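One structure is given below, encoded as structure tokens.
FYI, it's all coordinate maths here, none of it is from the lab. Here the structure is a predicted model, which is why all the values come from computation and not from measurement. For neighbour counting, all protein chains shown are included, and Cβ atoms are generated from backbone atoms with ideal geometry for every residue, glycine included.
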Amino acid sequence: MSKSPVHAFLVGRVLAEEIGSTLEKALTNSLSELGKFDAEQRENLRQFSDRVMERVESLETDTSRESAISGVSTAVSTDTDLQALVDNLRAEIAQLRSELQRYRNQTAPSE
């Protein structure tokens, strides 16, 4: 027996240490890559969120401009409609006054 039990023990011990060291390096590298991936994904998500919010703000600005323009044209249109309504009411009032005056003239006693 050229190899002693002590030698076998030392070989086993060194083998276990090397396997442990290799696993530690692999685990450390994996966790490091996972951390990098997580950081990249968070940054991508933040950039995506920023782009979405910029587009929303842009659309809100465009919509408010359009509604302001639409509001002005609606106000002008409403003013025109109101003026037409007032004119129609004045014409009806004038017609009713003339009818009322004619009725009064017909029913008034002759003097």
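Observations on the model:
- Efficiency of FRET between Leu34 and Glu54 - r from beta-carbon atoms, R0 41 angstrom, step 0.05: 0.85
- Net charge, Ser32 excluded, C-beta distance under 15 Å - Lys, Arg +1, Asp, Glu -1: -2
- The length gained by stretching the chain between Leu89 and Arg42 to full extension, at 0.36 nm per residue less their Cα-Cα distance, is 10.2 nm.
- In the chain, taking the dipole from charged Cβ atoms about the Cα centre, the farthest positive-side position among Leu10, Thr63, Leu27 is held by Leu10.
- Largest-first ellipsoid semi-axes for the chain, taking √(5λ) over the Cα gyration tensor eigenvalues, angstrom: 103, 14, 5
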